[in-house]
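Novice: Structure in structure tokens, see below.
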Amino acid sequence: MAVLRQKANSQPRWLFPFVVAVVFGLCVVPLLRLAYAGTQSLLRGDVGALLSDVSVWQAALNTLSTSLFGMLISVTVGGLFALALTLCDVRGKWLLSFLFMLPTMIPPQVTALAWIGMTGPSSPLLKMLSLAPPLGSPQPLYSIAGISLLLGVQHAPLVYLALRAGLMSLPRDGIEAAKLSGASPRQVLADIVLPLSVPGLIAGAAIAFVSGVGNFGIPAILGIPAQILTLPTLIYSRFASFGTSTFGDIAVLSGMIAVIAVVGLSIQERALKGRDYRLIGLSGSIATFRLGRLRPPVELLLWLLIAIMLVAPFLALLASALVPAYGVVLSLKSLTFGAFEEILFRQTVTRTAFANSLFLASAAAFGLLIIGVLTAYALTRGRGRLTGLLSAMIEIPYALPGIVVSVAFILVFAAPLPVLGVSIYGTIWIILAAYFASFFAVGLKPIISSFRQLDPALEEAARLSGAGFARRLFDIIVPLIAPAAGASVILVFLIACNELTVSALLWSAGTQTLGVVIYNLDDSGSFDLASALSVLVIAMVVVLMLLLELLAARLPKGVVPWRN
Amino acid sequence: MAKLILHQLSKDFGTGKPAVSAVSLDIREGGFLALLGPSGCGKTTVLRMIAGFEQPSDGSILYGERLLSDAAGIVPPEKRNMAMVFQSYALWPHMSVADNVGYPLKVRGISGERYCAKVGEALDSVRLAAYGDRRPADLSGGQRQRVALARCLVTSPDVVLLDEPLANLDRHLRQEMEETFREFHARSGATMIYVTHDQAEAMAVATDVAVMSEGRLLQVAAPAGIYARPEGKLVGGLIGQGAILSLPHDFSARRDLGWEALRSLFNATDAATPNADILVRPQDVVLSPEGIAATVVSAVFEGERYALRLQLADGQALRAFSRDPALPGDRVGVVISHGWRL
């Protein structure tokens, strides 16, 4: 009788080791390398020189203050929108929430450009309306306050989402019980709704803070011209003026960013302790407050905020893109599509950037789809203790600011690869590798939640039909998770196409991404070209978000980030 | 075709209590075995081990001479030539009914005319020939069940496994499906194993019934045999209706007891004789003034008769059928025409 070797596991033998190798290679090794470089630098004593540098401490202080103020703005605006759109009978909820979500999906450097176009003496929009301040007056956004304001706008949707998730699970019967106990709507809000929404608010505030700490695009465009550096922009400028101790320095600096992020997250953890309000009762329908006579003013306020945060900056950006040179008044006579023509047909660098970003984004999206499906399979079908650990590791690079991940990848790939002897440093492949690490968690989440919803019997029936692993994957599993897979591809594509933080450090001649080119165009004074490119990027973002919106009906809950 | 042999089969999920312990069972070629037991007794785990989804912690599974599973390794489900009807039916929602049924053929590389003929034949046999182009979502529960059955039929598997297939159907459909299963078994000649917690269902469909409880196999016999001669109190309580009386009884005597023997047990006063469990079916309890005294506790009209719950003078409960109505509190006499010592 033959000896049986195979185990009663539906996974082929190579799958689990493969997933472990991918997770270690993408998420663990680079960060260990970063920690190693930082420690080396500490041991050599280079750190002393770095830490006695006033500009480093100034940058750390700037990072902290902009992130904290930005967080306060995010919490105020995001909290208002979450309460109004989730609990009140405001009209046009879908459109309001879609528009409110846009700022997070628009790349931060584009947001910054748009706001610059909206304010300051040269703003074509203000000039058109004859509202522009006199020439020579300072651009008000080139300041700590400006950076904080834009960080606040950029990350307000994150607070909105976190708070909304909590409010959605607020059971209607709890609120009805309070009303029957004789509480007025105001008392219900103060005694029931607000206390129960505190955990969501804390979580949202922490996300906004950590995102602010790691943001590169906004302080780069608003801060660098005014010599206001934050830690991410300090790393960038150190890196640009490549010196002998650069690697050690940037390792320590990104360590500082990581520490601030981790401290922020652990404060959140402590604040959440003892606030585990498991909601009991039937949470099917959401409570709705009738605003009554207050409804028109509340709606007006929401639309006004949307107009200030989104519509006006976008119009300013459009106006900047349509004038022949920055500072010219936009009129029917001066209107020109020259900037669009220039970036689409004449400038090779923008065309290269389009090609690079589209390649990187599609390669990351589809590569992560394949890795994501295999990983989700191993993580949901496996029973080992390792699966929990692996899921946690995948989250690490996503939780850390992108600039930390890029520094880690620079350190890993600066030297030629072992065995192969080739270096991917300076090529497009190092950017792709960093994208894989940064967006692994984003791409995996929709796929994993879809896997969890799948009845295991569907796959077991295919096994008994005689189908092997690959066959089952293609015939049964992939078609069944297709909507989630589509969402994963679009999300990763959207984020990868727009990001600047990772590629800002990793690009070199010929491997510029769209984010880098927008930044460089602005940096070299071609504000009209940067604006035109930004307008195209925003158009692409809106199209992709609408595509996800179309898919949403067929997706498990929580896959499309701005829908519940 | 060959015999399916479970040898000292055990499964421990590491929860402290084994889910299945030392189950040994021979399922004859072409047999139809119902695996019966309360929920959580390990019957589904046995089925999943036979399918190859779970690996035994100990013991082995053989199909004829071929070793399918032991603690060292298994033949994966895809290489077993078995088929299964799942409790949730497990129809693939993205394929049409015909594609669902034909998938096992497609995997085996069968295509063209032979594929169409086989799928048509399978759908015909479950009377769904007209539904081939529909999606599973457009079918009713009973129709989905029949699609799942057709999918099992299409490749002529050696063993067909059914995991509580009727649990999600209403009572009327159940009877119809029981008939379909019997037909299916007669025509395919496959060995079938049917997991259920419903004893009436088990006896209606199977040629053999195996009773499990707490991971152990208690008894295997044909339905009529297990009904007439259950072993032990657990099986006696699980199979059919009946009351279990505790009476002093000499264990060496025969287990089939008539009224004469039973009456002497009721009258026995010898305290030295240990008590035995005697199973009494309601149809063997006859209301008659010459019998022993009992009180009616409740009477439920079931259509063709009244189902009575009685209490004997010593407090023991008994069940009986009656053509005539009775009221709670009525005093009656009962003759027990037949009893079985468990």
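The values are calculated or read from the model by the stated rules, or taken from the named source; none is laboratory data. All of these numbers come straight from a predicted model, not from anything done at the bench. Note that we place each Cβ from the backbone using ideal geometry, even for glycine, and neighbour counts take in every protein chain shown.
Novice: Does at least one position in the range A:85-95 carry a residue that is within 26 Å of A:PHE209 (Cα to Cα) and in contact with a Lys or Arg (Cβ under 7 Å, 6 or more places away or on another chain)?
Specialist: Yes - at least one qualifying residue is present in the range A:85-95.
Novice: Here is a further query. Kindly provide the set of residues from the range A:61-79 that are aliphatic (A, V, I, L, M) and buried (at least 19 other Cβ atoms within 10 Å of the Cβ), ordered by number.
Specialist: Within the range A:61-79, A:MET71, A:ILE73, A:VAL75, A:VAL77 qualify.
Novice: Out of all the residues in the range A:144-185, which are modelled with pLDDT of 80 or more, more than 19 Å from A:SER211 (Cβ to Cβ) and part of a helix (DSSP H, G or I)?
Specialist: A:LEU180
Novice: Within the bounds of the range A:439-453, is there any residue that is within 14 Å of chain B (Cβ to nearest Cβ), in contact (Cβ under 8 Å) with a residue 24 or more places away in the chain and surrounded by fewer than 21 Cβ atoms within 10 Å (Cβ to Cβ)?
Specialist: yes
Novice: Further, regarding this structure: Within the range B:33-45, can one find any residue that is among the β-branched types (Val, Ile, Thr), within 19 Å of B:ALA2 (Cβ to Cβ), in contact with a strand residue (DSSP E or B) (Cβ under 6 Å, 6 or more places away or on another chain) and in the same structural domain as B:TYR194 (by TED's automatic domain parsing)?
Specialist: No, the range B:33-45 contains no residue that is among the β-branched types (Val, Ile, Thr), within 19 Å of B:ALA2 (Cβ to Cβ), in contact with a strand residue (DSSP E or B) (Cβ under 6 Å, 6 or more places away or on another chain) and in the same structural domain as B:TYR194 (by TED's automatic domain parsing).
Novice: Kindly establish whether A:ASP191 is assigned to a helix (DSSP H, G or I), of a type in the set (D, E, K, R) and surrounded by fewer than 22 Cβ atoms within 10 Å (Cβ to Cβ).
Specialist: Answer is yes for this residue.
Novice: List every residue pair whose Cβ atoms sit under 7 Å apart, with the two residues 6 or more apart in sequence or on different chains, where the first one lies in the range A:506-519 and is under 20 Å from A:PHE413 (Cα atoms) and the second, anywhere, is of a type in the set (Ser, Thr, Tyr) and part of a helix (DSSP H, G or I).
Specialist: These pairs meet every condition: A:LEU506/A:SER406; A:GLY510/A:THR352; A:GLN512/A:THR352; A:THR513/A:SER357; A:THR513/A:SER503.
Novice: Can you find a residue in the range B:267-281 that is buried (at least 18 other Cβ atoms within 10 Å of the Cβ) and among the basic types (Lys, Arg)?
Specialist: Scanning the range B:267-281 turns up at least one residue that is buried (at least 18 other Cβ atoms within 10 Å of the Cβ) and among the basic types (Lys, Arg).
Novice: Which of the residues that make up the range B:116-134 are in contact (Cβ under 8 Å) with a residue 24 or more places away in the chain, within 21 Å of B:MET177 (Cβ to Cβ), assigned to a loop (DSSP other than H, G, I, E, B) and not hydrophobic (A, V, I, L, M, F, W, C)?
Specialist: Result: B:GLY132, B:ARG134.
Novice: Kindly provide the set of residues from the range B:69-112 that are free of Cβ contacts under 8 Å to residues at least 40 places away in the same chain, out of contact with any helix residue (DSSP H, G or I) (no Cβ under 8 Å at 6 or more places or on another chain), within 7 Å of chain A (Cβ to nearest Cβ) and not aliphatic (A, V, I, L, M), ordered by number.
Specialist: B:ASP70, B:GLY73
Novice: Continuing with this model, one more query. Does B:PRO104 satisfy the criteria of being assigned by TED's automatic domain parsing to the domain that holds B:ILE193 and surrounded by fewer than 21 Cβ atoms within 10 Å (Cβ to Cβ)?
Specialist: No: the conditions fail for B:PRO104.
Novice: Which of the residues belonging to the range B:219-246 are touching a residue at least 40 places away in the same chain (Cβ under 8 Å), in a strand (DSSP E or B) and over 26 Å from B:ASP314 (Cβ atoms)?
Specialist: Selection gives B:VAL220 alone.
Novice: Something else now. Being within 21 Å of B:LEU91 (Cβ to Cβ), within 14 Å of chain B (Cβ to nearest Cβ), in contact with a strand residue (DSSP E or B) (Cβ under 9 Å, 6 or more places away or on another chain) and free of Cβ contacts under 8 Å to residues at least 24 places away in the same chain, is that true of even one residue in the range A:471-487?
Specialist: No, the range A:471-487 has no match at all.
Novice: Let me ask something else about it. Would you call A:ILE431 in a helix (DSSP H, G or I) and within 12 Å of another protein chain (Cβ to nearest Cβ)?
Specialist: For A:ILE431, the condition - in a helix (DSSP H, G or I) and within 12 Å of another protein chain (Cβ to nearest Cβ) - is not met.
Novice: Of B:ALA200, B:ALA167, which residue is aliphatic (A, V, I, L, M) and within 14 Å of chain A (Cβ to nearest Cβ)?
Specialist: Just one listed residue meets the conditions, B:ALA167.
Novice: Any residue at all in the range B:125-137 that's within 7 Å of another protein chain (Cβ to nearest Cβ), within 21 Å of A:LEU473 (Cα to Cα) and more than 31 Å from the chain's Cα centre (by Cα)?
Specialist: Within the range B:125-137, not a single residue is within 7 Å of another protein chain (Cβ to nearest Cβ), within 21 Å of A:LEU473 (Cα to Cα) and more than 31 Å from the chain's Cα centre (by Cα).
Novice: Something else: Answer yes or no as to whether B:LEU47 is hydrophobic (A, V, I, L, M, F, W, C), within 18 Å of A:PRO456 (Cβ to Cβ) and either more than 11 Å from every other protein chain (Cβ to nearest Cβ) or surrounded by fewer than 22 Cβ atoms within 10 Å (Cβ to Cβ) (or both).
Specialist: yes
Novice: Which of the numbered conditions does A:THR387 fail, given that it passes all the others? Conditions: (1) among the hydroxyl-bearing types (Ser, Thr, Tyr); (2) in contact (Cβ under 8 Å) with a residue 60 or more places away in the chain; (3) in a helix (DSSP H, G or I).
Specialist: Exception for A:THR387: condition (2).
Novice: Looking at A:SER508 and the list (1) surrounded by fewer than 21 Cβ atoms within 10 Å (Cβ to Cβ); (2) away from chain B (no Cβ under 14 Å); (3) within 22 Å of the chain's Cα centre (by Cα), which single condition is not satisfied?
Specialist: For A:SER508, the failing item is (3).
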